[in-house]
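Down below is the structure, laid out as structure tokens.
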Amino acid sequence: MKKAFLYAMVAMIFAGCSNRENVIVIGSKDFTEQLVIGNILQILVDENTDLKTKLVPNLSSNVIFAAIKSGDVHLYVEYSGTIYSNYFGNTERRSPQEVLDIARTGMEEQHGILVLGEIGFNNTNTLSVRQDTAERYGLRTISDLITVAPQLTLGATGEFTQRPDAFPGVRAVYGIDFKDIVVLAGNLRYTALANDSVQVMDAYSTDGLLMRYGLVILEDDRGVFPYYHAVPIIRRDIAEKYPQLVRVLNMLSGTLNEEGMRWLNYRVDVDQEEPRDVARSFLLQSGLIKP
């Protein structure tokens, strides 16, 4: 029933977006980073090929994955850890390369989807604190929290408190128990940390707001959090029909690290620039398109 509903939703969203007109449909998920990356893909393809493209933004993970499998989306940027754990249900902790290899093999063999070269950034979970909190308690790694956590409150999303690869994993591996845990949505975590209602918060490593608030990302020194390396993925049939697409998409390999992606997100979330403008300026500065 859930699958039927999902595919019906995909059909509604993509009505009129078929590839009958040889248009390359590029998808993106429903958060800032993906809006920037989706525009990067479209501009990169537009400027380096003669192909027509259409960008379909703001799709949830389940919808966009169903759409690329059905052929309603031809390519988008996914994360190795999402493929490994969310789509294939793996829970065993593995090295970044192993996660990527399993994701790459599984996607091609099971779904006819190619996983291309890593863009360069790892958008994984983090625990972060204010600079003054880090200095007060001598916090540099998550291990440093072990002795002081009973004095501190964690502010986190509901998902982070429940997912096995998030806080339950931190608790199991590090043995950390906070004085209290407050469930907060989205940017409210940052506000709560800024006014000291909470002293530790979860975040994604490429969040632009980490820069706005000057937060310290604690090193995951025991490797609890999975790797979520950003990788373009493309349907194999589309790659075979338009081989220039693979060449163009692989131009992004190694061009953008966590700090760079964090800055692009900052420009959208804090400076209120348009994702497309940020995407174009990145491509120009990287020499991937011509002025």
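The values are calculated or read from the model by the stated rules, or taken from the named source; none is laboratory data. Worth saying up front: this structure is predicted, and the values here are computed from it rather than measured. Backbone-built Cβ (ideal geometry, glycine too); neighbour counts: all protein chains shown.
Let's see how each residue does on (1) modelled with pLDDT of 80 or more; (2) part of a helix (DSSP H, G or I):
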site	(1), (2)
4	no, yes
7	no, yes
20	no, yes
26	yes, no
34	yes, yes
37	yes, yes
41	yes, yes
44	yes, yes
47	yes, yes
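Within segment 89-102, residues that are over 19 Å from residue 231 (Cβ atoms) and among the hydroxyl-bearing types (Ser, Thr, Tyr) sit with their Cβ atoms under 8 Å from residues that are at pLDDT 85 or above and in a helix (DSSP H, G or I), at 6+ positions apart or across chains, in these pairs: 91/85.
Restricting the search to helices (runs of 4 or more DSSP H) fully inside segment 187-291 and requiring at least 2 residues that are in the same structural domain as residue 97 (by TED's automatic domain parsing) and under 17 Å from the mean Cα position of the chain (by Cα) gives 258-269, 275-285. State yes or no: is residue 148 of a type in the set (Val, Ile, Thr) and more than 30 Å from residue 90 (Cα to Cα)? So residue 148 passes the test. The set of residues in segment 100-140 being surrounded by 17 or more Cβ atoms within 10 Å (Cβ to Cβ), farther than 30 Å from residue 178 by Cα and of a type in the set (Val, Ile, Thr) consists of 102, 113, 115, 119. If you go through segment 66-104 and keep only what is part of a helix (DSSP H, G or I), of a type outside the set (Gly, Ala, Ser) and touching a strand residue (DSSP E or B) at 6+ places or on another chain (Cβ under 7 Å), you end up with 68, 96, 100, 104. Being in contact with a helix residue (DSSP H, G or I) (Cβ under 6 Å, 6 or more places away or on another chain) and either closer than 30 Å to residue 75 by Cβ or modelled with pLDDT under 95 (or both) holds for only one residue in 224, 198, 183, and it is 224.
Among residues of segment 254-291 being within 13 Å of residue 33 (Cβ to Cβ) and of a type in the set (Gly, Ala, Ser), the one that is surrounded by the fewest Cβ atoms within 10 Å (Cβ to Cβ) is 260.
Checked against the criterion of being modelled with pLDDT of 95 or more, acidic (Asp, Glu) and either farther than 21 Å from residue 215 by Cβ or surrounded by 16 or more Cβ atoms within 10 Å (Cβ to Cβ) (or both), segment 149-168 has no qualifying residue.
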